[in-house]
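> One structure is given below, represented as structure tokens, and several questions about it will come after.
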Amino acid sequence: MTRCGTIVLAGRPNVGKSTLLNALVGEHLAIVSPKPQSTRLPVVGLLTKDDTQYIFTDSPGLLEPEYQLHEVMRATALRAINDAEVIAYLHPLAEYPAPELAAVAGLERPPRAPIITVYTKSDVVRPSGRPAVRPSDVVVSAVTREGLDVFLATLGSRLPESPFHYDPDELATQPMRFFAAEFIREAAFEQLHEELPYSVACEIDEFREGAEPVYIRAVLYVERESQKGIVIGEGGRTIKALGAAARAKIEALLQQRVFLDLHVKVLPKWRRDEPSLKRLGYATS
Ligand SMILES: Nc1nc2c(ncn2[C@@H]2O[C@H](COP(=O)(O)OP(=O)(O)O)[C@@H](O)[C@H]2O)c(=O)[nH]1
Ligand SMILES: [Mg+2]
């Protein structure tokens with residue numbers, strides 16, 4: 001009998017949810033940044049090992065919403081927690097012990113699904129400074145890969161008996177244009193400073209997969225005219241570097257050469273504007 005089910009990676013911003021998803025799946029699917037709140041939409045990653053298929057969902061960090069985009073992110077995270085068969089609740093080992101998930105998520109009562117507390121980034125904790133975690137907790141590092149097998153074994157025993165939902169060779173369920181938009185955003189987090197990446201959204205206008213190289217036309221949206229100037233940079237230097245970085249990421253996942261036709265436009269105050277959020281795929285419902 002096989003096992004198969006959904007596991008949400010949940011927790012505060014910056015605890016290593018997206019990095020862990022990528023380490024488990026063995027492919028860079030979810031965008032990662034030292035800046036918090038880079039994940040806005042759930043990213044699904046698949047791992048099929050022996051008789052078990054793990055359907056991981058990376059989710060936005062749990063935080064107090066400051067504007068409308070945050071409310072969408074929070075609702076998205078809560079839905080993922082609600083829908084999952086197992087909740088992996090991530091917290092940095094250096095900040096042991098983890099507060100209750102219900103408190104962090106602002107839930108009135110604990111969620112339905114079983115919760116596994118996963119202490120992350122064990123590589124940054126000195127062996128002598130290691131807290132003694134509870135036997136039911138898991139300690140991992142995406143850098144050294146410590147604890148990943150233990151984590152998978154723990155999850156496996158909690159997943160329901162079920163046929164596989166996906167082909168065992170598949171790693172992702174979302175379309176390539178989704179990842180293309182995400183990787184452009186990831187490049188923006190790398191190339192732009194301070195608060196600017198938070199004002200960036202991306203829309204894919206055209207994705208011609210039959211073409212060689214694959215042709216992608218994308219628009220990078222910012223909120224103000226002054227931001228547009230910064231994103232383009234002197235003589236177009238910044239947007240050029242951003243585009244090159246994004247193209248390399250897309251090519252790595254697609255395993256094909258890509259021509260990325262990247263434009264910058266202003267969508268005034270899109271983070272606080274319901275119709276703009278909807279159009280960019282950040283829908284509340
Ligand atoms: N040293 C170390 N850093 C990590 C580890 N996992 C994630 N990070 C770093 O922590 C930061 C936040 O990671 P990310 O996956 O984006 O966190 P998320 O906001 O919870 O999705 C990034 O700079 C990662 O490189 C880990 O196991 N060890
Ligand atoms: Mg993330």
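> Roughly how many debye, to the nearest 20, is the charge dipole of the chain about its Cα centre, given +1 on each Lys and Arg Cβ, -1 on each Asp and Glu Cβ, and no other charges? Display every interim value, and only then the final one.
Numbers: 33 positive and 37 negative charges, 109 e Å.
In total the dipole reaches around 520 debye.
> Less than 29 Å apart at the alpha-carbon level, and either on another chain or at least 8 residues along: which lysines does that give for residue 278?
Those lysines meeting the cut-off are 17, 35, 228, 240, 249, 265, 269.
> Next up: Count the net charge of all other residues whose Cβ sits under 10 Å from the Cβ of residue 30, scoring Lys and Arg as +1 and Asp and Glu as -1.
Details: positive: 17; negative: 27, 58, 182, 186.
Net local charge, residue 30 excluded: -3.
> Separate question: Kindly sort 19, 52 by accessible area of their heavy atoms, largest first, with the probe set to 1.4 Å. Write out the running numbers ahead of the final one.
Values: 19 55, 52 20 Å².
Heavy-atom accessible area, descending, gives 19, 52.
> Okay, next question. Per DSSP H run of at least 4 residues, take -39500 (n - 2.57); add these up for the chain, divide by its residues and hand me the 222 nm value, nearest 500 deg cm²/dmol. Don't skip to the end; give the middle numbers.
Numbers: 8 runs with 89 residues, N = 285.
Per the formula, -9500 deg cm²/dmol.
> Further, regarding this structure: Taking a probe of 1.4 angstrom, what is the accessible area of residue 130 in Å², to the nearest 10?
Looks like 90 Å² after rounding.
> Can you tell which of 170, 108, 203 shows the greatest fluctuation in a Gaussian network model of the chain with Cα springs below 10 Å?
Answer for the Gaussian network model of the chain: 108.
> Counting only protein heavy atoms and a 1.4 Å probe, tell me what percentage of segment 176-279's accessible area is made up of carbon and sulfur.
49 percent
> Relative to the longest principal axis of the C-alpha atoms of the chain, give the angle of the C-alpha long axis of helix 68-83, reported between 0 and 90° and rounded to the nearest 10°.
Tilt relative to the chain: about 30 degrees.
> Compute the signed sum of charges (Lys and Arg +1, Asp and Glu -1) over the other residues within less than 15 Å, Cβ to Cβ, of residue 11. Present the calculation step by step, with values, prior to reporting the outcome.
Values: positive: 12, 17, 74, 121; negative: 58, 64, 95, 100, 137.
With Lys, Arg at +1 and Asp, Glu at -1, the net is -1.
> Accessible area of residue 141, 1.4 Å probe, to the nearest 10 Å²?
Surface open to solvent at residue 141 totals about 0 Å².
> What does the charge add up to near residue 52, with Lys and Arg as +1, Asp and Glu as -1, over the other residues with Cβ less than 14 Å from its Cβ? It would help to have the intermediate numbers written out before the result.
Details: positive: 3, 49, 158; negative: 50, 51, 85, 149, 161.
Local charge sum for residue 52: -2.
> Same structure again: State the antiparallel share, in %, of DSSP beta bridges confined to the chain, rounding to the nearest 5.
On the way: 16 of 45 bridges.
So the antiparallel bridges amount to about 35 percent of the total.
> Counting DSSP beta bridges in segment 176-279, what percent are antiparallel, to the nearest 5? Before the final figure, lay out the partial values.
Details: 7 of 16 bridges.
Antiparallel bridges make up about 45 percent of those DSSP assigns within segment 176-279.
> For segment 176-279, restrict the atom set to alpha-carbon positions and state the Rg and Dmax in Å.
13.3, 39
The values are calculated or read from the model by the stated rules, or taken from the named source; none is laboratory data. Only a predicted model underlies this, so the values are computations on that prediction, with no experimental measurement involved. Counting neighbours? That spans all protein chains shown, and the Cβs are built from the backbone with ideal geometry, glycine included. When the accessible area is computed, the model is the full protein with side chains, heavy atoms only, and any ligands, DNA or RNA have been set aside. Shrake-Rupley method; radii C 1.70, N 1.55, O 1.52, S 1.80 Å.
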